[in-house]
Amino acid sequence: MSNNTKDSKDYSKYFDMSGAKVIREDEQGKIIRVNGRDIHIVSQPSYKDEKRRGKEEIQVHYETGIPDELKDLGRGKTYNITTYGCQMNEHDTEVIRGMLEAMGYTGTEDRNSADVILLNTCAIRENAEDKVFGELGHLKHLKLEKPSLILGVCGCMSQEESVVSRIMQKHAFVDLIFGTHNIHRLPHLLKDAYFSKEMVVEVWSKEGDIIENLPKKREGMKGWVNIMYGCDKFCTYCIVPYTRGKERSRRPQDVLAEIRDLARQGFQEITLLGQNVNAYGKDFEDLNYSFADLLADVHKIDIPRIRFTTSHPRDFDDPLIDVLAKRGNLVEHIHLPVQSGSTEVLKKMSRKYSREHYLELVRKIKQAIPDVVLTTDIIVGFPGETEAQFEETMSLVREVRYDSAYTFIYSPRAGTPAAEMEDNVPAEVKRARLARLNELLNEIGRERNEELRGRLVEVLVEGESKTNAEMLSGRTRTNKLVHFQGDVALTGQRVEVRITEPQTWVLKGELVHAPERANAG
Ligand code: 5AD
Ligand code: SF4
């Protein structure tokens, strides 16, 4: 590996478990001793296995609830969860909360008093991981003061072989590590962690089946609904196909039933979630049903707003554009990650589309939905990115005119092909490119917002503004933040606001029309 950015790391040291002594091995896994700490490894992640894409059919299991003997495990006890990363993780946290509360636990913000602390982690970039290791450093003191505390690490980092080895060696006070494929096993794993003195490690390298009917604790008026799990795209920089496994779509009837149920409960907005939602349904062997078909069915459900994330430009097809053009509850906002404006870099990223293909897709979308808001993700400083290639990204941004974007400096991830690519771009050049890109995006974002001056927009009111209690805060259909004066009782309703003062990050406006007592749904 040759990499001269500050992010480069010698991962090999994390794999060195030669000091580990195997104490016992049986059908429950093995117990090893590392630096004096016993660790019960039921199963451990492996990059090699995570790369594999088997042909086995995915089964759907309908969970019947928490087993009786575990229902009281949490009675009188509290839990605290910190969630890092994307909406998929946020949604997993809702499932974890749902299960913990079904076991009698109650949530607490106060870590000092919590009986269970979980970190639901993100592996997408190194700085996300650094935060978690920093946090573990703080939590060590809490664990030493209160040995009965159960401290668990879950989420994408747990799926990484290097991370699990590092925790076993250097953070031996952790009690429980589980991954993204076995969240439903949490009640059993917690029991094991309580009743044994060992650190319990159960991480599945292979994705599991789809588990339906797990309890979920949702809050507020917006709900996330998973439509598929995993990713088969294997973009060369990305860890997700390894941490989240192969693409598995939930059955349409399960997705639609969940959305209808949320509509009945009064939810105002649903975001359909998947790492690559456009691949929805491609894994069904007995059914010809695509993401466009799913949206056509969701379009008929009486819920005001439907969003989805994340799209891959390669699978974004014409039937999908046609269904989005029907509007209704399908909002005119598309998050369409481009990653780079250079066809050569896109090829090295294995994105499987060219600059021209992307721009043609944008043209078609804008033709079908003229007021569409496009947002994107961009990586700068991919290994070997030249100045000219970076300029192609800048020119693509000028051409598309995104309303906003998430921008990142490339971060090498152990186990991915790009981490092995030669990189001669100095870190300060990468930082300077990021700054230039962000400046351009801000300028265009401001201009796009300026176009809304004097216009009426529909705002879903979320409550008092966090920065100014005099103002209400809400979101447009295109997910732009709006502040305006109004009665806090409007929270949860959709109102009409005239934009009077557009700024870069927020649109200020005045209330024009509020429904009488509508709770649209
Ligand atoms: N380095 C930097 N950014 C990354 N992303 C994914 N992997 C990496 C990486 N190794 C970005 C992509 C993706 C978003 C969720 O995170 O832009 O779309
Ligand atoms: Fe990662 Fe590419 Fe899959 Fe997105 S589509 S999750 S960037 S591999």
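Of all DSSP-defined beta bridges confined to the chain, some 40% are antiparallel rather than parallel. Stretching I23 away from V60 to a fully extended chain increases their span by 9.6 nm, per 0.36 nm per residue minus the current alpha-carbon distance. Between R431 and D317, the modelled labels are 4.6 nm apart [label points 7 Å from Cα along Cα→Cβ]. By the Cβ distance rule of under 4.7 Å, the chain has these cysteines without a partner: C86, C122, C154, C156, C231.
What FRET efficiency comes out for the pair E90/Q265, r = Cβ-Cβ distance, R0 = 22 Å, nearest 0.05? Computed FRET efficiency for E90 and Q265: 0.75. Protection proxy ranking for 107-114, 358-365, 225-232, 238-245, using the average of other Cβ atoms within 10 Å per residue and placing the highest first: 238-245, 225-232, 358-365, 107-114. Applying 1/(1 + (r/R0)^6) with R0 = 41 Å to the Cβ-Cβ distance of D130 and H357 gives a FRET efficiency near 0.70. Only lysine pairs 8 or more places apart or on separate chains count here, and in segment 57-177 those with Cα atoms under 15 Å apart total 4. Taking amide H atoms as placed 1.01 Å from N in the peptide plane, the amide H of T106 lies under 5 Å from those of K77, T78, Y79, each 5 or more residues away in sequence or on another chain. For segment 270-392, the Cα gyration tensor yields ellipsoid semi-axes of 28, 16, 12 Å (square root of five times each eigenvalue, largest first, whole Å). The chain gives an Rg/Rh value of 0.97, both radii derived from C-alpha positions and Rh following Kirkwood.
In this simple spin-label approximation, A172 and E501 carry label points 7 Å from Cα along the Cα→Cβ vector, and these lie 5.9 nm apart. Spatially, segment 102-123 and segment 436-459 are offset by 39 Å when compared through their Cα centroids.
Semi-axes of the equivalent ellipsoid for segment 21-202, please: Cα gyration tensor eigenvalues, times 5, square-rooted, ordered largest first, whole Å.
22, 21, 19
Applying 0.36 nm per residue to the separation of K30 and E439 and subtracting their alpha-carbon distance, the gain on full extension is 141.9 nm. Peptide packing: for 385-395, 198-208, the average count of neighbouring Cβ atoms within 10 Å per residue gives the ranking 198-208, 385-395, highest mean first. Just to verify a number: FRET efficiency for H299 and A469, C-beta to C-beta distance, R0 = 25 Å, to 0.05? Taking R0 as 25 Å, the efficiency between H299 and A469 is 0.10. P(r) for segment 456-512, from all Cα pairs and a bin width of 5 Å, is 5, 24, 38, 26, 7, 0 %, short bins first. Legend: translational diffusion of segment 353-506 by Stokes-Einstein, Rh = Kirkwood radius over C-alpha pairs, 25 °C, 0.890 mPa s; D = 137 µm²/s. For segment 289-322, trypsin sites (Lys or Arg not before Pro) meeting the loop criterion (DSSP other than H, G, I, E, B) and having at most 10 other Cβ atoms within 10 Å: K300.
The numbers here are math on the coordinates, done by the rules we state, and not lab data. If you're wondering where the values come from, they're calculated on a predicted model, not measured in any experiment. Because the Cβ atoms are built from the backbone with ideal geometry, glycine has one as well, and the counts that use them run over all protein chains shown.
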